[in-house]
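Visitor: Take this structure, written in structure tokens, and hold onto it; I'll ask about it next.
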Amino acid sequence: MPLLEGEIRSSFAMTEPDVASSDATNIQLAIERDGDQYVLNGRKWWISNALHPNCRIMIVMGKTATDGPRHRQQSMILVPLDTPGVDVVRNLPVFGYQDQEGHAEIVFSDVRVPSANLIAGEGDGFMIAQARLGPGRIHHCMRAIGAAERALEAMCARAVSRHTFGAPVATRGNVQDWIAESRIEIEMARLLTLKAAWLMDTVGNKHARTEIAAIKVAAPNVALKVLDRAIQVHGGGGVSDDFFLATAYAHLRTLRLADGPDEVHKLSIARRELAPHITRAE
Ligand SMILES: Cc1cc2nc3c(=O)[nH]c(=O)nc-3n(C[C@H](O)[C@H](O)[C@H](O)COP(=O)(O)OP(=O)(O)OC[C@H]3O[C@@H](n4cnc5c(N)ncnc54)[C@H](O)[C@@H]3O)c2cc1C
């Protein structure tokens, strides 16, 4: 299998420019059956990886039905990137940076693929998304913690080496407070990530939903706080590209949106916390 061997890459196409896609029931791309084929029409954006030279295939989420239960109208289907009618119209920048693998806007015009390309069955889109997105999210969190750790190290090294008003910046109370807070927050995020990973391994993704959502909010926010402090300690250099801090900040800021905005993860945590109280109150 070339994908598992790492010879080719894939991308996941769900988000659409025309609708609020953090509520995936809004997505509109049409997947219509026509004999032994499906025909796709619609527009997607922020499709990461799609501009990588080895990216060959997309998992596209769209609607195979426009009526029936709200979470059973969506399906996922495999679409090779070189299928006629697939048009990559642009690479979206992130705060002005062009990411190496790219974030594509893609138009689908009468794109035809064999019906066998449908993953699982019609209406299974949400079920597949819920099963697969957890492992992806925890990877983001691990990388965010790694970036935070690196930023703390850079902050300490810089604070020790720069002198102002007769003393190293590292001797200032506020800087020591930033360093200490950073260590505390990183360790909290790391332990919550480990707990989520342990639950995924031992009781499965479904039972780790609260922890996965919690860490998806906590880890990028912690990393951004630490990076922001490290940037401040680096002075003007911190926002330049002489250090990794500015690019890391831009990248990590997107993690508060990509794979679901903070607010949507908090909504799902709050719903589960409230559920037993609502049942009791009824
Ligand atoms: C760098 C990057 C890479 C990405 N990669 C991919 C990819 O590979 N594939 C893909 O399909 N998508 C990808 N995305 C898209 C990302 O998943 C969406 O941007 C995200 O899900 C939000 O959808 P939206 O942009 O349509 O925002 P909208 O749905 O319009 O939401 C806007 C804002 O509304 C607020 N909001 C939404 N719901 C609630 C609520 N219940 N309560 C309070 N506030 C709320 C949130 O603050 C949210 O940010 C990527 C995005 C970025 C920035």
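Visitor: Whole number in Å², please: accessible area per residue of the chain, 1.4 Å probe, ligands, DNA and RNA not counted. Don't skip to the answer; put the middle values down first.
Guide: Numbers: 15220 Å² over 282 residues.
Result: 54 Å² per residue.
Visitor: Oh, and also: Using only Cα positions of the chain, each an equal point scatterer, no hydration layer, compute I(q)/I(0) via Debye at q = 0.08, 0.14 Å⁻¹ and quote the log10 values to two decimals.
Guide: Taken in order of the listed q values, log10 I(q)/I(0) reads -0.43, -1.08.
Visitor: Per the helix-only calculation at 222 nm, which mean residue ellipticity applies to the chain, given -39500 (n - 2.57) for every DSSP H run of n ≥ 4 and division by its residues, nearest 500 deg cm²/dmol?
Guide: Counting only the DSSP helices, I get -15500 deg cm²/dmol.
Visitor: At 7 Å along Cα-to-Cβ for each site, give me the label-to-label distance between Glu153 and Ile278 in nm.
Guide: According to this spin-label approximation, the distance is 4.6 nm.
Visitor: In whole Å, what is the distance between the alpha-carbon centres of region 18-34 and region 126-185?
Guide: About 37 Å separates the Cα centre of region 18-34 from the one of region 126-185.
Visitor: If you stretched the chain out fully between Gln37 and Asn54, how much longer would it get, using 0.36 nm times the residue separation minus the C-alpha to C-alpha distance?
Guide: Details: separation 17, 0.36 × 17 = 6.12 nm, distance 2.55 nm.
So the extension gain works out to 3.6 nm.
Visitor: Taking a threshold of 29 Å on the Cα-Cα distance, which of the pairs Lys44/Lys225; Lys63/Lys195; Lys195/Lys266 fall above it?
Guide: Values: Lys44/Lys225 31 Å; Lys63/Lys195 35 Å; Lys195/Lys266 18 Å.
Table pairs above 29 Å Cα-Cα are Lys44/Lys225; Lys63/Lys195.
Visitor: Here's something else I'd like to know. Using 0.36 nm times the number of residues separating Asp228 and Leu194, minus their current alpha carbon distance, what extension gain do you get? Walk me through the numbers on the way to the answer.
Guide: On the way: separation 34, 0.36 × 34 = 12.24 nm, distance 2.44 nm.
Contour length minus Cα-Cα distance gives 9.8 nm.
Visitor: Near the amide H of Val94, under 5 Å away, which other amide H atoms are found, from residues 5 or more places off or on another chain, if H is placed in the peptide plane?
Guide: Asp99
Visitor: Starting from 0.36 nm per residue, how many nanometres of slack lie between Arg183 and Asn91 once their C-alpha separation is accounted for?
Guide: 29.5 nm
Visitor: What list of ³J(HN,Hα) couplings, whole Hz, do you get for region 85-92 from phi and the Karplus terms 6.51, -1.76, 1.60, once you set θ to phi - 60° and write x for glycine and proline?
Guide: Residue by residue, region 85-92 yields x, 8, 10, 7, 8, 6, 10, 7 Hz.
Visitor: Let me ask something additional. Using only C-alpha positions, report the orientation-averaged shadow area of the convex hull of region 126-281, nm², one decimal. Display every interim value, and only then the final one.
Guide: On the way: hull surface 44.5 nm².
Answer in nm², one decimal: 11.1.
The values are calculated or read from the model by the stated rules, or taken from the named source; none is laboratory data. Predicted model, so just to flag it, every value in this text is computed and none were measured. Cβ atoms come from the backbone with ideal geometry, glycine included; neighbour counts cover every protein chain shown. Remember, those area values only see protein heavy atoms, side chains included, never the ligands or the DNA or RNA. Shrake-Rupley method; radii C 1.70, N 1.55, O 1.52, S 1.80 Å.
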